[in-house]
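A quick write-up on the structure given underneath.
The values are calculated or read from the model by the stated rules, or taken from the named source; none is laboratory data. Only a predicted model underlies this, so the values are computations on that prediction, with no experimental measurement involved. In this analysis, Cβ positions are derived from the backbone assuming ideal geometry, glycine residues included, and neighbour counts consider all displayed protein chains.
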Amino acid sequence: MALTNRSKQVTVRELTWSERLYLPAIFKGMMITLSHIFKRTPTVKYPDQIREMAPVYRGQHVLKRDEAGAERCTACGLCAVACPAEAITMESAERKKGEESLYREEKYARIYEINMLRCIFCGLCEEACPKEAIFLTDRIVPSSFTRGEEVFGKDKLVEPNDARVDVSKRQRKEVLEFKKDKKHLHNLTYQDARPKVTAHH
Amino acid sequence: MDSMLIYKALLTVGVFAVSLGIAAYLTWGERKLAAILQDRVGPDRAGPFGLLQPLADGVKMLMKEEMIPSKANKWLFIFGPSFFMLTACMTGAVIPWGSGITVDGVVYPLQVTDINIGLLYLLGVVSIGVYGIMIGGWSSNNKYSLLGALRASSQMISYEVAMGMALIALTMITGTLSLGEISRQQDAGLANVVYQPLGFLIFIICAFAETNRAPFDLPESESELVGGYHTEYSSMKLGFFLFAEYINMFISSAVMATLYFGGYNFPFQHELGLEGNTLAILQTAALFIKIAIFIFVFMWVRWTLPRFRYDQLMNLGWKVLLPLSIANIFITGIVMWALGKLN
């Protein structure tokens, strides 16, 4: 049964003399290539041009800071547990006195590494995070010459204070709805949460 | 005639330089056109539209490590590409690039030399061109190179027969072998392609085969013979082989324009009211436009057609083109006899 209407019955036979001249077939082929002169080039000249990403695109990760600029990550390790590719490793440390403006919680990630060669960009880390700390963004992970360079540490993952990364695309209504049972006290913003946290002590 | 001698020397250098410059930009044009035909962008990094790409390629070729296989015949190995390049450049000497520039009553012809056996010279130089490929491929001491060289020589010999036969029919009409004279005849009458359409068709097919261009690029056939005759070549010696192919393409386009499409003449050139040097410059421009169209066809065919199988190539040469060209000679003779043009 024919799957398309373009299938053609072919036979093995000697070419006729006029076919052995090849000229009609050549002319037909040349007209096809000629028509391609007038066709649009689909090339996107990356990195000069960057193709528009789909709204759900999952690219390079970012470790968010809160509004006051303190790192949100508390090194709970849920992202590392959720990661199917086992790409995330971390080491926690205790916050010292005077570091309150640097880290939001008493515990923070001293080392936080994502191996970009292992990562499959599934977004499960983002889903698992109770602190709204890790997000996948629409940035493309840059290429490198060595494997070592592809293990991104905090220097590449934590967003700089003066160049915040917009993750509002990842916080769509459906996502927030999905995460609403994780809306705990410590998940509120820095200013909201701080007085209440101190009140507990 | 001292000034004429100096002028001829300058013209020789000029033709040489123009051939080389055009060949350099043909490498760029080929890649750009290939890209356009395949819906790609092509070279666009070096300079605007990638126009400095030939320069970058040239520097790359010169800077690459030069390798000569230890079992190769060193002198012949070097001689091969040099000879191929030399013969490619030699053919430009007999082509009339224009009618002639008049300065102080002296006519300076835009043709290095208008020998009365110009056509024969052209065929001769083109045929010895295959020695460059053959010597290069043979001296490499590599089976792929040898196979490529064998293919090149047998292909060239096969297609030269049909090419020569096509030209015999042409010379029956023109009555001369001088390319300058053939150009002037086409100024007075119609372009030769009107009288020799079949001859032109045979000639252009043979020209593809002679320049080793697709679909007749069996000597190179990178997919089966690695690189054919230039498998062992590197650096600028490889560059010479590749570069000479583009010079050959340029020259054969010029030959086709001269022999069959009126040379430097263009339609209604005497009705424009122009004369002297202005007309001569326009004529040269017209010739180069014709050449550009032929080169476009060369490239267009290359990026359309797959390579012939070897038996198909030989069948086409000996069983189709040769009988056709002989028939063409007979038809030309009969028509000339019927019109009473035989003397």
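Here is a yes/no grid of residues against (1) within 22 Å of the chain's Cα centre (by Cα); (2) under 30 Å from B:ILE128 (Cβ atoms); (3) of a type outside the set (Ser, Thr, Tyr):
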| site | (1), (2), (3) |
| --- | --- |
| B:ALA9 | no, yes, yes |
| B:GLY21 | yes, yes, yes |
| B:GLU30 | yes, yes, yes |
| B:GLU65 | no, no, yes |
| B:PRO81 | yes, yes, yes |
| B:LEU86 | yes, yes, yes |
Filtered residues of region A:44-69 (kept if hydrophobic (A, V, I, L, M, F, W, C) and away from every other protein chain (no Cβ under 14 Å)): A:ILE50, A:MET53, A:ALA54, A:VAL56, A:VAL62, A:LEU63, A:ALA68
Test set (1) among the basic types (Lys, Arg); (2) farther than 25 Å from B:ALA254 by Cβ; (3) within 14 Å of chain A (Cβ to nearest Cβ) - B:LYS32 fails condition number: (2)
Residue identified as within 11 Å of chain B (Cβ to nearest Cβ), closer than 30 Å to A:ASP138 by Cα and either in a helix (DSSP H, G or I) or touching a helix residue (DSSP H, G or I) at 6+ places or on another chain (Cβ under 9 Å) (or both) among A:THR41, A:THR33: A:THR41
Some residue of region B:272-280 being part of a helix (DSSP H, G or I), surrounded by fewer than 22 Cβ atoms within 10 Å (Cβ to Cβ) and within 14 Å of chain A (Cβ to nearest Cβ): no
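Test B:ALA292 against the criterion of being buried (at least 18 other Cβ atoms within 10 Å of the Cβ) and under 22 Å from B:ALA23 (Cβ atoms), and give yes or no. Before you say what the answer is, go through the steps one by one.
On the way: buried (at least 18 other Cβ atoms within 10 Å of the Cβ): no; under 22 Å from B:ALA23 (Cβ atoms): yes.
For B:ALA292, the condition - buried (at least 18 other Cβ atoms within 10 Å of the Cβ) and under 22 Å from B:ALA23 (Cβ atoms) - is not met.
Tell me which residues, restricted to region B:316-326, are more than 11 Å from chain A (Cβ to nearest Cβ), over 10 Å from B:TYR159 (Cβ atoms) and not hydroxyl-bearing (Ser, Thr, Tyr).
First, the residues of region B:316-326 that are more than 11 Å from chain A (Cβ to nearest Cβ): B:317-318, B:322, B:325-326.
Checking the rest, the ones that are also over 10 Å from B:TYR159 (Cβ atoms) come to B:325-326.
Within region B:316-326, just B:ILE326 meets the criteria.
Looking only at region B:281-300, count every residue that is among the β-branched types (Val, Ile, Thr), under 16 Å from the mean Cα position of the chain (by Cα) and away from chain A (no Cβ under 13 Å) and tell me the total. So that I can check it myself, show each step before the final result.
Restricting attention to region B:281-300, the residues satisfying the condition of being among the β-branched types (Val, Ile, Thr) are B:281, B:284, B:289, B:291, B:293, B:295, B:297.
From the residues that got through so far, the ones that are under 16 Å from the mean Cα position of the chain (by Cα) too are B:289, B:291, B:293, B:295, B:297.
In the following step, the residues that additionally are away from chain A (no Cβ under 13 Å) were identified as B:289, B:291, B:293, B:295.
The total comes to 4.
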Qualifying residue in region A:3-20 (condition: among the basic types (Lys, Arg), in a loop (DSSP other than H, G, I, E, B), within 14 Å of chain B (Cβ to nearest Cβ) and surrounded by fewer than 10 Cβ atoms within 10 Å (Cβ to Cβ)): no
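Name the residue that is farthest from the other protein chains (Cβ to nearest Cβ), counting only residues in region B:301-315 that are assigned to a helix (DSSP H, G or I) and in contact (Cβ under 8 Å) with a residue 60 or more places away in the chain. First the steps, then the outcome.
So in region B:301-315, the residues assigned to a helix (DSSP H, G or I) come out as B:301-302, B:310-315.
Now restrict to residues that are in contact (Cβ under 8 Å) with a residue 60 or more places away in the chain: B:301-302, B:310, B:313-314.
Details: B:VAL301: 7, B:ARG302: 10, B:TYR310: 15, B:LEU313: 11, B:MET314: 12 Å.
Filtering region B:301-315 for residues that are assigned to a helix (DSSP H, G or I) and in contact (Cβ under 8 Å) with a residue 60 or more places away in the chain, the one farthest from the other protein chains (Cβ to nearest Cβ) comes out as B:TYR310.
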Single residue of region A:159-169 satisfying the filter (within 17 Å of the chain's Cα centre (by Cα) and either assigned to a loop (DSSP other than H, G, I, E, B) or within 14 Å of A:ILE114 (Cβ to Cβ) (or both)) that is modelled with the highest pLDDT: A:GLU159
Residue in region A:114-128 that is surrounded by fewer than 17 Cβ atoms within 10 Å (Cβ to Cβ) and under 19 Å from A:GLU71 (Cβ atoms) present: no
One residue from B:LEU238, B:LEU218, B:LEU259 being of a type in the set (A, V, I, L, M) and surrounded by fewer than 21 Cβ atoms within 10 Å (Cβ to Cβ): B:LEU238
Hey, B:LYS8 within 14 Å of another protein chain (Cβ to nearest Cβ), part of a helix (DSSP H, G or I) and not acidic (Asp, Glu) or not: no
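Inside region B:127-245, counting only helices (runs of 4 or more DSSP H) that do not spill past its ends, which hold 2 or more residues that are touching a residue at least 12 places away in the same chain (Cβ under 8 Å) and over 20 Å from the mean Cα position of the chain (by Cα)? Before you say what the answer is, go through the steps one by one.
Values: elements: B:143-174, B:179-188, B:192-195, B:197-210.
Passing ranges, in order: B:143-174, B:179-188.
Yes/no per residue for (1) surrounded by fewer than 18 Cβ atoms within 10 Å (Cβ to Cβ); (2) more than 20 Å from the chain's Cα centre (by Cα); (3) farther than 22 Å from A:ASP155 by Cα:
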position	(1), (2), (3)
A:VAL44	yes, no, yes
A:GLN49	yes, no, yes
A:ALA54	yes, no, yes
A:VAL62	no, no, no
A:ARG65	no, no, no
A:THR89	yes, no, no
A:SER92	yes, yes, no
Some residue of region A:51-64 being of a type in the set (Gly, Ala, Ser) and not in a loop (DSSP other than H, G, I, E, B): no
Subset of region A:21-30 [over 51 Å from the mean Cα position of the chain (by Cα) and either at the interface with chain B (Cβ under 7 Å from one of its Cβ atoms) or assigned to a loop (DSSP other than H, G, I, E, B) (or both)]: A:LEU21, A:TYR22
Index of the failed condition, B:VAL13 passing every other in (1) surrounded by 14 or more Cβ atoms within 10 Å (Cβ to Cβ); (2) assigned to a helix (DSSP H, G or I): (1)
